[in-house]
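Comments concern the structure below.
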Amino acid sequence: MRSVPSQDHPQQPEAFYRAQLPILIDLVTSRFDLDEITAEDLAHEILLVSLVHPVPAEAREAWLRASLLYAAERRSPAR
Amino acid sequence: MSKKRTPDPERLAEFLAIQKRLERERAAAATLDNLLHTTPTRRWPVLAERPDLQTCGTLERLGKLVADEVGRDPQRAQAIAELAVSLAEAIPAHAYPPMMTAHVRAHAYKDLSTTRRLLGHNQESLDILTRAEEQLGDFGALEHDRAIIRFSRAVTLQELHRYSESMTLLVACREVFRVHKDERRVMLCGLAEGILLQRLGKFRESRETYLLLLAGTNMTDEDRAALHKAIGLCSIELSHFADAEANLTRAIALFRELGQPMEGLKAQAGLGRLAIRKGDVEHGIAYLRPIRRLFLQNSLTEEAGICALEIIEGMLKLRKAAEAEQLARLVIHEFTSAGLNARAISALGYLTEALAARNATPALAGNVREYILSLRTEPEREFRGR
């Protein structure tokens, strides 16, 4: 389970970060009573963790969203 | 729709710096295999004091090595896992963002707990898993990691016969894996549920679980072969002999394609059991004899012994107690020569005495077989002869 072929981490990290960050921020602010700064904090943390958590490329977006939503839920109740 | 946002430059810089650093660490960790190979195991604790090894890259590599070794040499896997825990604990406080450190520490402990479980120390394995989960603190973003650790706990709880707690965890973990689109672990949860149901003697429910998994898409050919074999064995217990034969035959073919002849042989042994259960006892015994010989030729003494116990069960059905006794004595000799678990040998001794006294039953042979199988995960378990 811990084997990590290259596709388990983003191949173009800067493009990945730039693309994912606004999507993740929107996801949090649309579902939780959290401000953009907090949402950005959470999104940044998730993106950092994604660097060490091996996730197949095809599941990466779902993993990011699920992890972010769990994190946001702990910070704030859902609307 | 997302607004076009420019990321905070400092945060982007942090992300890219860590990514680059991890690349360097992963490249450096490529020499780790050789380092472990050339350093005596007794000196590995000293390696934990090296700052250049106290990195996420090293811990990733060690995690892979544990996964590779755990099926082959659990003792060595344990030594690697212990080194990983020491290194993880030694990572300086601000070396990485706290969540990253929590992640690598938790997985190091989780790997150690796996090795302890495989070596039969189930309670200690649970205690280590508690420490693994503690590393995750309150980080909601690490829920997937939390589920991975709890899945390990569910597997360990099964070894301690704490089935209801195990099932509760498996159901919860499967949902977390499903949400995170971790299809493989969803499948593993299903497999663990099937095994749990088998252990409870709920062969119908177990088979249904396996059949549902078989209908899934994200599995390897090895998984598929294992599922067909499991379905076949459940079907024997349900006296669904046609289904049993079809599934075991499919498993044999898949293992052959995978180049796993010994796994194929185990599935073939299932066909021998099937014949005996159907009442075609002479045929079943004749079928199992060459399989047993092949296990012995490949030094799979325990598998050969399990095969022999199936044959003994058949012989007792044919009232051939003298032949059964002779075979049982031969198996004791094989187990003793191979240095296998003394408890297994004692159980075989009990069976042999019953055979000599001519009051052994096919059920007793079956019990001894199940007991010896159980020693793989519970090497300290007591035998209760019936």
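The values are calculated or read from the model by the stated rules, or taken from the named source; none is laboratory data. Model, not experiment: these values are computed from the prediction. Note that each Cβ is placed from the backbone with ideal geometry, even for glycine, and that neighbours are counted across all protein chains shown. Quick note on the areas: whole protein, heavy atoms, side chains included, nothing else; ligands and nucleic acids left out. Shrake-Rupley method; radii C 1.70, N 1.55, O 1.52, S 1.80 Å.
Helix B:261-278 and the long axis of chain B differ in direction by around 40°, with both axes built from C-alpha atoms. Considering region B:267-386, its Cα convex hull presents a mean projected area of 6.6 nm². Rolling a 1.4 Å probe across the protein heavy atoms gives region B:231-386 an accessible surface of 47 Å² per residue. Considering only B:Ala154, B:Ala344, B:Ala357, the Gaussian network model of chain B with Cα springs below 10 Å gives its largest mean-square fluctuation to B:Ala357. Along the charge dipole of the protein assembly as shown, which of B:Leu340, B:Tyr109, B:Ala354 sits closest to the positive end, that is, farthest toward it, with unit charges on the beta carbon of Lys, Arg, Asp and Glu (+1, +1, -1, -1)? Farthest towards the positive end: B:Ala354. A Förster radius of 25 Å, combined with the Cβ-Cβ distance separating A:Ala19 from B:Asn218, puts the computed FRET efficiency at roughly 0.50.
Per the accessible-area calculation with a 1.4 Å probe, the total area buried between chain B and chain A rounds to 3700 Å².
Given the Cα-Cα distance of B:Ala356 and B:Ser374 and 0.36 nm per residue of separation, how much length would full extension add, in nm? Between B:Ala356 and B:Ser374, full extension yields 4.0 nm more.
Ordered by 1.4 Å accessible area with all protein chains kept, B:Thr217, B:Thr168, B:Thr58, B:Thr361 run largest first as B:Thr217, B:Thr168, B:Thr361, B:Thr58.
Quick one: if the Förster radius is 45 Å, what FRET efficiency do B:Glu208 and A:Arg31 give, using the C-beta to C-beta distance and rounding to 0.05?
For B:Glu208 and A:Arg31, the calculated efficiency is 0.80.
Residues of region B:136-177 losing 10 Å² or more of accessible area relative to the isolated chain, 1.4 Å probe, heavy atoms only? Residues shielded by partner chains are B:Asp138, B:Gly140, B:Ala141, B:Leu142, B:Glu143, B:His144, B:Asp145, B:Arg146, B:Val176.
Kirkwood Rh over alpha-carbon pairs of region B:66-210, then Stokes-Einstein at 37 °C and 0.692 mPa s: what D in µm² s⁻¹, rounded to an integer? Answer, rounded: 208 µm²/s.
Can you check what the net charge comes to around B:Ala322, using other residues whose Cβ is under 13 Å from the Cβ of B:Ala322 (Lys, Arg +1; Asp, Glu -1)?
+2
Count, for each residue of A:49-60, the Cβ atoms from other chains sitting within 10 Å of its Cβ, then give me the mean as a whole number. Let's see the in-between values first.
Details: counts 10, 3, 11, 14, 10, 3, 4, 5, 0, 3, 6, 1.
Partner Cβ neighbours, averaged per residue: 6.
With contacts taken as Cα pairs under 8 Å and at least 6 residues apart, region B:174-234 reaches a relative contact order of 30 percent. Given a 1.4 Å probe and the protein chains as shown, B:His121 ends up with an accessible area of around 80 Å².
Whenever you get a sec, compute what percent of the accessible area on region B:144-289 sits on carbon and sulfur atoms (1.4 Å probe). Don't skip to the answer; put the middle values down first.
Working: 3400 of 6420 Å².
Roughly 53 percent, rounded to a whole number.
By a 1.4 Å probe calculation restricted to protein chains, B:Ile291 has an accessible surface near 10 Å², given to the nearest 10.
Under conditions of 10 °C and 1.306 mPa s, chain B yields 68 µm² s⁻¹ as its translational diffusion coefficient, taking Rh as the Kirkwood radius over Cα pairs in the Stokes-Einstein equation.
Largest first, the residues B:Leu375, B:Leu296 sort by 1.4 Å accessible area into B:Leu296, B:Leu375. If one takes the longest principal axis of the Cα atoms in chain B, at what angle in degrees, from 0 to 90 and to the nearest 10, does the Cα axis of helix B:362-374 lie? The helix B:362-374 is inclined about 20 degrees to chain B.
The distance linking region B:48-92 with region B:313-347 is 41 Å (Cα centroid to Cα centroid, whole angstrom).
For region B:232-299, the relative contact order is 25 percent, taking Cα pairs closer than 8 Å that sit 6 or more residues apart in sequence and dividing their mean separation by the residue count. Of the residues B:His94, B:His107, ranked by 1.4 Å probe accessible area with the largest first, the sequence reads B:His94, B:His107. Relative to the dominant Cα principal axis of chain A, helix A:36-49 is inclined by about 20°.
Considering only DSSP states other than H, G, I, E and B, which trypsin sites (Lys or Arg not before Pro) in region B:326-378 qualify as loop sites with at most 15 other Cβ atoms within 10 Å? When the trypsin sites (Lys or Arg not before Pro) of region B:326-378 are filtered for loop state and at most 15 Cβ neighbours within 10 Å, B:Arg358, B:Arg376 remain.
In terms of its C-alpha gyration tensor, region B:8-63 has a prolate overall shape, because the principal axis ratio a/c (a ≥ b ≥ c, square roots of the eigenvalues) is not below 1.5 and a/b outweighs b/c.
Taking GluC sites (Glu not before Pro) in DSSP loop states with no more than 12 other Cβ atoms inside 10 Å as exposed sites, chain B has its longest site-free stretch at B:50-379.
Surface calculation, 1.4 Å probe, protein heavy atoms: B:Val155 sits at approximately 30 Å² accessible.
Counting, for every residue in A:61-70, the Cβ atoms of other protein chains within 10 Å of its Cβ and taking the mean gives 5.
Counting only protein heavy atoms and a probe of 1.4 Å, the accessible surface of region B:41-113 is 51% carbon and sulfur.
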